[in-house]
Amino acid sequence: MKRRKFFKLSTASLVGAGLAPSVVSAAGSTSVKTIADRSNDNWTHLGEGRSVTPNRQFSKHYDVAVLGGGAAGICAAVSAARLGSKVVLVQDRPVLGGNASSEMRVHLNGVNRLKTGLAERETGIIEEMLLLNRFDNPQESFPVWDHVLYDFVMREPNIELMLNTQAIEAIMDGDNIKSARCWQLTTEKEFLIHANYFIDCSGDGLLAATAGAKYRTGREGKKEFNETFAPDEPDGWQMGASLLMSSTDMGKPMPYRAPAWAIPFDAENAHKKRKFNAYHEGVWWIEIGSDDDIISDQEINRHKLMGHLHGLWDYIKNSGKFPESENLALTWVGSLPSRRESRRFIGDYIHSERDLTGYKHFDDAVAFGGWGIDEHNPGGMENIHMAPTIFHAHFEEVYQVPFRSLYSVNVPNLLFAGRNISQTHIALASSRIMATCALMGQAVGTAAHLCTQKKVNPRELGKKHINELQEQLMRDDVFIPKRPANDPKDLAKKAAEIVASSTKSGNAKLLTNGWSRDIDGKIHHWQSATLPADVQMEWVDSVKLSTIEIKCDTNVKRNIMMRKDSKNDDRFTNTVPEEMVKSLSVEARIKGRWKTLATNVENQKRLIRFTFDDINTTAIRVRVTETYGKPTVKLFEIRAYA
């Protein structure tokens, strides 16, 4: 096949996307050129002294292609890459992070608070990202956070990152996606990305939609899933996108004049729950939804949101009702609205309200959520008389997310993670929270790698290999509710004895019971009485080892994400968790003598991995010498692998 023909796009897809110019020939007929066809370029390259036609078309091959660089996409790409897959991460913005990036500045929330009053925080890759930010961005700068995420992805040798790049069309081979046609804005390049598996974490899901993946938008009626909080009849309403702002006290009076296109705030008709708490950091209910095509309406709604933002700030500054705002001035104003809802793709299972509120157990559970069912007023500012959101329900404990909701029912090699998964509108009102989406991302990234290894599609993986998927996720520090780990390869479970140098709470024997946190009122840890402290494992017969893995305490009952208010209290911290291990070492008894295998004096993770050359040993000893502030250490798990 000729290269030019290979890259040919359909007229409808290009013209619809506004990426292909129409060219009228001398005969009056109209033809359409490909996105990157530069045959009409009239370029004289002075350095080479000749006319040149630039090459803007490229073809690349990967095991896994991840579309979307928000929390879900990053976790999907990193999980697949760390396990050995060759991965491309395609992000349509110049920065990573999605709604949490400096472009939008939404807090990266998760299960921040259950009815118990405590968090049940997410671990795994999303926690690594948040911890790295605590180390490398103590000033809590959103632009620096962008670069923390960039660093986090660039550390992975198996990931190729493409920023400013959007997947605009799926090229199909029967029902499967063969490749993704991508356009990179900054380089005028067209990439054809071939992969075995595609993971759409882009939120809106353009690639998945062009692949013909089934999806729906709007709100289901009560009857379809027996949902208490759904409307009586189905409709098209989708929760809106928000636009945020930040202001600073300048130490002197700061006048404000609204632009001509500002939309005055209708204070007289505004619902009493439209509160102005911490308005200097932004007002989250500046949002607009849609009862039709919310993606098509984005630019119209963006302009409206900018008008509402300035109209609201004008009210704050000039109505006389907020005298404390006299010295405040806007120092950052968002221009890119952060979306909550658009397409929801259909999987083998549609997650719904009853699954959440009934804490349904799924044999294929791979993630969890627990943010309240937080359904925003779909009209947003255009329904100013209504409450901005309704928290229909809060949770006593976390709920499970099944793997069957994370892959397409009709496109066999397509997975998804984030707000676009297979779920109802009401379920989305809870699970759309970014840290929950990140857990889904790690699940599908891991699944895509296993699919590549086993040469199966996600549905077959879920039916035949779900235990392996769950065990790998838990090994990589994902917590799955009601599902203890039981990895047959973990030699620590075969230890004859586990003892500790001192114990304040828990028991050293709990370190191999399969639970990586205290949960459901039960203790699953060992805590020392003092530091330094040792845990020692003994085997009757010699075992061959090359890896020791430790899960330490980071206090998952306290939130660690960056906030605009830098909150530091019982529920939130603005620094590295003081409970986390800082300095530790691993020793082995070899031929009757103790030998130090590895040391880490600046640990920055909850999951601590030590790898070393193969040894034969009858005992290992983990010695912790320092935490980031606590005078004792708490561990949840020790694993050992050949």
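The values are calculated or read from the model by the stated rules, or taken from the named source; none is laboratory data. The model shown is predicted, which means the values in this text are computed figures rather than measured ones. Note that each Cβ is placed from the backbone with ideal geometry, even for glycine, and that neighbours are counted across all protein chains shown. Quick note on the areas: whole protein, heavy atoms, side chains included, nothing else; ligands and nucleic acids left out. Shrake-Rupley method; radii C 1.70, N 1.55, O 1.52, S 1.80 Å.
For the structure I just gave you, tell me whether residue 537 is over 25 Å from residue 600 (Cα atoms) and open to solvent by less than 50 Å² (accessible area, probe 1.4 Å). No.
The listed residues are 136, 63, and the only one of them that is free of Cβ contacts under 8 Å to residues at least 40 places away in the same chain and either buried (at least 22 other Cβ atoms within 10 Å of the Cβ) or touching a helix residue (DSSP H, G or I) at 6+ places or on another chain (Cβ under 7 Å) (or both) turns out to be 136. Within the stretch 512-526, restricting attention to residues that are part of a strand (DSSP E or B) and surrounded by fewer than 22 Cβ atoms within 10 Å (Cβ to Cβ), the residue that is farthest from the chain's Cα centre (by Cα) is 522.
Each residue in the stretch 324-336 was checked for being under 19 Å from residue 258 (Cβ atoms) and either open to solvent by less than 50 Å² (accessible area, probe 1.4 Å) or among the charged types (D, E, K, R) (or both), and 8 pass.
Here 96, 89 are screened, and the one residue that is out of contact with any Cys (no Cβ under 7 Å at 6 or more places or on another chain), under 21 Å from residue 179 (Cα atoms), surrounded by 13 or more Cβ atoms within 10 Å (Cβ to Cβ) and at pLDDT 95 or above is 89. Quick one: how many residues across the stretch 492-502 are open to solvent by 30 Å² or more (accessible area, probe 1.4 Å) and touching a strand residue (DSSP E or B) at 6+ places or on another chain (Cβ under 8 Å)? Count: 6.
The sole residue among 362, 345, 322 that is of a type in the set (Phe, Trp, Tyr), closer than 30 Å to residue 413 by Cβ and out of contact with any Gly (no Cβ under 9 Å at 6 or more places or on another chain) is 362.
Before we move on, is residue 370 over 15 Å from residue 406 (Cβ atoms) and of a type in the set (Gly, Ala, Ser)? Spelling it out, residue 370 is indeed over 15 Å from residue 406 (Cβ atoms) and of a type in the set (Gly, Ala, Ser). For residue 247, the conditions (1) in a strand (DSSP E or B); (2) of a type in the set (Ser, Thr, Tyr); (3) surrounded by fewer than 20 Cβ atoms within 10 Å (Cβ to Cβ) all hold with the exception of (3). Inspection of the stretch 529-537 finds a residue satisfying the criterion of being small (Gly, Ala, Ser) and touching a strand residue (DSSP E or B) at 6+ places or on another chain (Cβ under 8 Å). Against the condition in contact with a helix residue (DSSP H, G or I) (Cβ under 7 Å, 6 or more places away or on another chain) and in contact (Cβ under 8 Å) with a residue 12 or more places away in the chain, how does residue 76 come out, does it pass? In short, yes.
In a residue-by-residue description of the stretch 581-591, the property of being under 30 Å from residue 97 (Cβ atoms) and either small (Gly, Ala, Ser) or modelled with pLDDT of 95 or more (or both) applies to at least one position. Apart from one condition, residue 404 fits all of (1) closer than 16 Å to residue 352 by Cα; (2) crowded, with 24+ Cβ neighbours inside 10 Å; the exception is (2). The criterion of at least 1 residues that are within 24 Å of residue 556 (Cβ to Cβ) and touching a residue at least 12 places away in the same chain (Cβ under 8 Å) is met by the following strands (runs of 3 or more DSSP E) wholly inside the stretch 386-477: 389-393, 399-402. Here 122, 128 are screened, and the one residue that is buried (at least 24 other Cβ atoms within 10 Å of the Cβ) and more than 23 Å from residue 243 (Cβ to Cβ) is 122.
The requirement of being part of a helix (DSSP H, G or I) and open to solvent by 10 Å² or more (accessible area, probe 1.4 Å) is satisfied by residue 382.
Restricting attention to the stretch 208-239, the residues that are of a type outside the set (Lys, Arg) and either part of a loop (DSSP other than H, G, I, E, B) or at positive phi (or both) total 18. Candidates in the stretch 107-126 are the residues that are closer than 24 Å to residue 605 by Cα and of a type in the set (A, V, I, L, M, F, W, C); of these, the one that is farthest from the chain's Cα centre (by Cα) is 118. From the set of residues in the stretch 155-188 that are touching a strand residue (DSSP E or B) at 6+ places or on another chain (Cβ under 7 Å) and not in a strand (DSSP E or B), which is nearest to residue 206 (Cα to Cα)? Per the stated criteria, the residue is 164. Listed by position, the strands (runs of 3 or more DSSP E) enclosed by the stretch 571-642 that each have at least 1 residues that are open to solvent by 60 Å² or more (accessible area, probe 1.4 Å) and without any contact (Cβ under 8 Å) to a residue 24 or more places away in the chain are 593-600.
Of all residues in the stretch 197-230, which are open to solvent by 20 Å² or more (accessible area, probe 1.4 Å) and touching a Phe, Trp or Tyr at 6+ places or on another chain (Cβ under 8 Å)? If the condition is that a residue be open to solvent by 20 Å² or more (accessible area, probe 1.4 Å) and touching a Phe, Trp or Tyr at 6+ places or on another chain (Cβ under 8 Å), then 209, 214, 215, 219 are the ones that fit.
Residues that are assigned to a loop (DSSP other than H, G, I, E, B) and open to solvent by 10 Å² or more (accessible area, probe 1.4 Å) within the stretch 275-293 comprise 275, 276, 277, 278, 282, 284, 291, 292, 293, listed in sequence order. Looking only at residues in the stretch 154-164 that are out of contact with any helix residue (DSSP H, G or I) (no Cβ under 6 Å at 6 or more places or on another chain) and hydrophobic (A, V, I, L, M, F, W, C), the one that is least open to solvent (accessible area, probe 1.4 Å) is 162. The requirement of being assigned to a helix (DSSP H, G or I), within 21 Å of residue 421 (Cα to Cα) and in contact (Cβ under 8 Å) with a residue 12 or more places away in the chain is satisfied by residue 126. Of all residues in the stretch 103-119, none are of a type in the set (Val, Ile, Thr), surrounded by fewer than 19 Cβ atoms within 10 Å (Cβ to Cβ), closer than 12 Å to residue 562 by Cα and touching a Ser or Thr at 6+ places or on another chain (Cβ under 9 Å).
The requirement of being open to solvent by 10 Å² or more (accessible area, probe 1.4 Å), closer than 19 Å to residue 271 by Cβ and small (Gly, Ala, Ser) is fulfilled nowhere in the stretch 340-359; no residue meets it.
Residue count for the stretch 250-266, restricted to those that are open to solvent by 90 Å² or more (accessible area, probe 1.4 Å) and charged (D, E, K, R): 2.
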